[in-house]
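Working notes, beginning with the structure itself.
The values are calculated or read from the model by the stated rules, or taken from the named source; none is laboratory data. Note that the coordinates shown come from a computational prediction; the quantities given were computed from them, not determined experimentally. Virtual Cβ from ideal backbone geometry, glycine too; neighbours counted across all protein chains shown. Just so you know, the surface numbers come from the protein's heavy atoms only, side chains and all, with ligands and any DNA or RNA stripped out. Shrake-Rupley method; radii C 1.70, N 1.55, O 1.52, S 1.80 Å.
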Amino acid sequence: MPADQWHADQDGETLVPTHCCFCGVQCGMYLRVDRGGKVFGVEPRNHDINRMRLCPKGINAYQQVNHPDRLTAPLMRRSRDEEFAEVSWDEALDFTVSEIRRIQEMYGKDAFGLLGGASLFSEKTYLVGKFARVALKTKHVDYNGRLCMVSAAGANKLAFGIDRAGNPFSDILLTDCLLIAGSNVGECFPVLTQYVWGARDRGASLIVVDPRETAVARTADIHVALKPGTDSAFFNSLLCVIVEEGLADEAYLAEHTTGWEEVKAKALEYPPSRAAQICGVPAEQIFQVARTFARAPKAMAWHARGIEHHSQGVENCLTVINLCAATGHIGKPGAGYGTLTGQGNGQGGREHGQKADLLPGGRSILNEEHRRQICEIWGIEESELPTAGTSMMEMVWQMQRREIRGLIGICNNPFVSLPNYRVVKEGYDATEFHAQFDFFLSETAANAHVVFPVTTWAEDDGVMANAEARVVKHNKAQEPPPGVRTDTWVMCELARRLGAGDKFAFADSREVFEELRTASRGTVIDYYGITYERLEETGGIAWPCPSTDHPGTPRLFEDGRTYHEDGRIHLQAVEWHLPMDPYSDEFPMSLTTGRTVAHFLSGNQTRRLGALVEQTPRPWAEVHPSHGFRTGEPVRVVTRRGSEVFPALVTEAIRPDTVFLPYHWPVPTAANALTIDALDPRSKIPEYKVCACRIEHASELDTVPSPPVAPGHVAYPETQVSRTDPLPPTSPQGRGTSERS
Amino acid sequence: MMGRTIFIDPGRCIGCQACVSACRECDSHRGKSMIHLDYTDEGQSVASLPTVCMHCEDPVAPCAEVCPADAILVTADGVVQQADTTRCIGCANCVNACPFGVPKIDLGAKLQMKCNLCYDRTAYGLAPMCATVCPTGALFYGTVEELQAERPGVQVADTFVFGSTEVRTGVAMVVPADKVQWPVPGGLPVVEINGKDVRR
């Protein structure tokens with residue numbers, strides 16, 4: 001019996017093959033469905049990506065499907081002074097449509113905005129983009145992937161002409177040197193540690209660049225604990241050593257790149273002696289890393305938010321690409337680069353037009369030819385298609401200035417996830433109408449006028465693209481609870497009431513996917529050859545996949561050509577600059593933020609799951625012992641945006657000049673009440689990973705309320721699952737009782 | 001050496017508690033986890049390791065030895081079962097006898113509970129739930145040869161000493177390469193590494 005078919009058909013129970021709803025690894029799993037058709041458990045699945053493994057988030061994910069907190073009727077109120085009331089779908093939809101009409105008639109089409117999310121299936125992200133441009137006719141559409149990996153996307157596009165990782169995860173096992181920059185792999189992508197340590201078991205060197213000694217950094221051959229916000233100086237300096245010691249692959253550079261001379265000249269301005277001072281690490285370590293990476297027969301670099309969440313996030317990523325290209329470590333098994341996406345569909349969520357400047361297939365909304373192609377598919381006049389809008393944080397600023405008066409949010413929770421909470425609250429409070437799609441009442445949904453109760457990932461079909469750009473299919477495991485509709489249905493119904501029903505006549509995800517496939521045909525992000533049937537047979541296909549007999553493209557550039565017209569890697573010289581929030585005597589330290597293993601992003605989902613809440617009930621401030629705190633003592637973290645009190649976690653695993661806060665909680669323990677809303681000028685990603693701060697002893701930790709625990713909080717899942725069948729006795733009766741005398 | 005069993009590799013544990021959640025999902029325990037996550041170096045580092053039942057072989061399971069109700073059975077394949085609910089009197093003798101601190105007593109029900117190596121899964125040739133999901137490989141289920149094929153050069157121990165008593169266990173522990181003498185993480189003295197007596 002194949003191991004992963006365990007439990008199938010036992011007592012009427014069925015297993016539905018699908019994937020985890022959380023991070024960009026997209027582990028395969030089975031959802032256990034009882035004979036009544038309800039999801040009640042999880043069973044590991046022997047999928048290519050994870051080989052049965054799951055992290056605690058994945059194991060507990062199923063508990064949200066039938067969670068008592070699920071919204072099951074539309075909530076509505078006409079002003080924020082009123083309480084929410086449960087209303088009929090017709091009433092909620094009619095009110096929403098009348099508010100959209102009123103705002104757009106009074107202030108113009110662009111006074112209404114739409115914010116999507118990268119945890120949505122790709123079909124839904126495609127619809128978000130189409131709904132904004134065709135039904136709302138507004139240019140203001142963006143998504144929460146803007147907070148995730150747009151810096152890497154921007155850098156990849158600039159250098160390679162394609163926006164995705166170059167290699168599959170399995171290549172990690174083939175490498176001789178693995179460099180991980182700004183990624184807490186152990187906690188954010190636990191299943192990937194098997195690849196990382198698998199490489200190490202086979203003799204690969206492991207280099208981790210991170211201000212904190214994370215679980216993976218602890219096992220590294222070299223851990224570079226650099227000061228937050230100094231990544232590009234460090235990577236430039238590696239290049240400087242590589243040039244000066246003749247370790248660059250000049251033949252590869254001459255044949256495959258442009259811009260090398262400028263990059264080289266800039267790198268030479270960062271000798272290790274200078275970079276060591278900027279980064280706060282020993283110069284010797286810079287030599288060591290440069291030599292290890294450059295001399296390895298095959299080397300790879302993977303990075304994540306640690307280097308991307310900066311006001312020079314794109315430039316940080318470009319310096320990593322420069323490093324890989326200069327050493328010729330591109331486009332080979334075990335050699336290349338990659339970005340680890342935080343959200344399940346962090347990759348796919350930006351591919352088909354949900355982003356302010358992009359149309360389906362990664363087409364530019366500013367390119368006339370691209371606009372014409374999409375208008376033809378959508379059946380609209382080119383003059384009707386809006387131009388590029390602004391980014392997520394900029395939209396909030398526009399809400400604050402009352403340039404955007406109405407907003408629909410789908411699958412996002414900016415009240416926890418955006419930086420500088422005060423600004424976000426002001427922006428949302430200033431809107432005249434705000435609607436939110438969600439399956440739990442998130443902190444942001446609690447601010448809305450209308451909340452539409454929508455499905456979880458287990459109640460609809462759809463695809464996601466993981467961090468390898470492998471498209472995987474999620475399968476519907478149960479019918480939505482009564483009163484709950486799919487996001488697709490709600491968007492199509494709103495479009496119909498807005499008079500664009502003929503453009504949104506989609507019955508289900510499959511029909512949307514068929515249009516998406518066609519809309520992406522011939523672009524770099526070509527999904528045309530991917531069908532639901534093929535995904536079910538293969539367990540996932542990496543794009544580009546131009547025809548139904550094409551196997552997909554797990555590894556890029558194997559023929560030595562990039563997606564630029566000249567086929568070359570366009571290297572870009574980068575100058576390091578200080579973070580946007582200046583240090584001073586008053587704010588001498590760096591505040592950096594990140595995730596913990598038990599929680600996911602804004603915590604709207606995981607802060608409701610008993611086991612995860614018990615594992616990590618509240619945030620803490622990680623500080624170095626040199627500040628004189630003891631673990632558990634209250635520490636006040638102060639920035640120019642405000643101050644909050646957290647229990648201290650004292651550890652030598654963090655730099656003395658740095659404080660770390662996990663960001664999954666709302667005020668009054670919200671890391672993002674303290675972070676700065678400075679943006680990278682190109683990618684518009686906020687600078688979450690560094691701002692100036694100071695820490696103080698505080699006395700009143702007890703007066704700070706603990707983060708709210710949702711009413712549905714339960715210690716164990718028995719109260720939510722229908723595990724009613726008596727189970728067989730666990731002691732096997734009558735088998736070799738004992739060897740006891 | 002041992003057949004298919006669990007190998008605990010503390011060097012890989014990231015303290016994520018996937019094993020704790022997975023154990024709760026296993027049908028054997030009906031919503032209760034039988035794994036402890038121990039912090040071996042508290043205050044100094046965040047190093048952790050999962051503690052599962054070691055399924056003692058020689059002398060045969062102390063918990064079963066001391067059970068006055070004969071409730072703890074050891075199967076022919078070496079699995080030390082949790083107490084038979086029809087026999088257990090909740091006296092906690094097993095808790096006191098276990099050198100590894102594994103069995104738990106549900107005081108309300110007056111019943112003992114412990115890891116039974118997911119007998120409902122291993123009897124079908126599957127790995128226990130904890131070792132199936134462990135994202136980092138800190139818990140590995142298989143033979144020592146399978147482990148060594150995946151992790152060349154790995155060293156394991158299944159014999160430990162407590163004072164003058166040696167205990168050989170069914171579950172083994174990976175020993176860091178630079179600590180082949182003793183102790184393994186957690187401070188447990190090791191007698192054998194890869195089947196060789198390291199005291200000589």
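Some observations on this one:
- Filtered by the rule that a residue be free of Cβ contacts under 8 Å to residues at least 60 places away in the same chain and more than 10 Å from every other protein chain (Cβ to nearest Cβ), the stretch B:107-126 gives B:Leu107, B:Gly108, B:Ala109, B:Lys110, B:Leu111, B:Gln112.
- Set A:Gly203, A:Gly186, A:Gly198: member being within 14 Å of chain B (Cβ to nearest Cβ) and open to solvent by 10 Å² or more (accessible area, probe 1.4 Å): A:Gly203
- Residue match in the stretch A:169-178 (condition: buried (at least 22 other Cβ atoms within 10 Å of the Cβ), more than 30 Å from A:Pro360 (Cβ to Cβ) and in contact with a Leu (Cβ under 7 Å, 6 or more places away or on another chain)): yes
- Residue in the stretch A:621-642 that is out of contact with any Phe, Trp or Tyr (no Cβ under 8 Å at 6 or more places or on another chain), buried (at least 22 other Cβ atoms within 10 Å of the Cβ) and part of a loop (DSSP other than H, G, I, E, B) present: no
- The residues on offer are A:Glu91, A:Glu43, A:Glu86, and the sole one that is touching a strand residue (DSSP E or B) at 6+ places or on another chain (Cβ under 9 Å), among the acidic types (Asp, Glu) and under 18 Å from A:Trp457 (Cβ atoms) is A:Glu43.
- Selected residue (only one of A:Ala181, A:Ala165 is in contact (Cβ under 8 Å) with a residue 60 or more places away in the chain and more than 30 Å from A:Glu622 (Cα to Cα)): A:Ala165
- Search result, residues across the stretch B:127-149 that are within 7 Å of chain A (Cβ to nearest Cβ) and either on the phi < 0 side of the Ramachandran plot or open to solvent by 30 Å² or more (accessible area, probe 1.4 Å) (or both): B:Thr132, B:Val133, B:Cys134, B:Pro135, B:Thr136
- Qualifying residue in the stretch A:77-91 (condition: in a loop (DSSP other than H, G, I, E, B), within 14 Å of chain B (Cβ to nearest Cβ) and open to solvent by 30 Å² or more (accessible area, probe 1.4 Å)): no
- In the stretch A:212-233, of all residues being assigned to a loop (DSSP other than H, G, I, E, B) and among the polar types (S, T, N, Q), the one that is farthest from the other protein chains (Cβ to nearest Cβ) corresponds to A:Thr230.
- Selection of helices (runs of 4 or more DSSP H) fully inside the stretch A:249-332 by the criterion of at least 3 residues being open to solvent by less than 10 Å² (accessible area, probe 1.4 Å) and of a type in the set (Gly, Ala, Ser) returns A:313-326.
- Qualifying residue in the stretch B:56-72 (condition: under 30 Å from A:Met52 (Cα atoms), in contact with an Asp or Glu (Cβ under 9 Å, 6 or more places away or on another chain), touching a residue at least 12 places away in the same chain (Cβ under 8 Å) and at the interface with chain A (Cβ under 8 Å from one of its Cβ atoms)): no
- In the stretch B:24-50, the residue that is nearest to the other protein chains (Cβ to nearest Cβ) out of those that are buried (at least 19 other Cβ atoms within 10 Å of the Cβ), modelled with pLDDT of 85 or more and under 24 Å from A:Val216 (Cβ atoms) is B:Ser48.
- A:Glu382 fulfils the conditions (1) out of contact with any Leu (no Cβ under 9 Å at 6 or more places or on another chain); (2) crowded, with 17+ Cβ neighbours inside 10 Å except for a single criterion, (2).
- Failed criterion for B:Arg87 (all others in (1) modelled with pLDDT of 90 or more; (2) open to solvent by less than 30 Å² (accessible area, probe 1.4 Å); (3) over 18 Å from B:Thr122 (Cα atoms) hold): (2)
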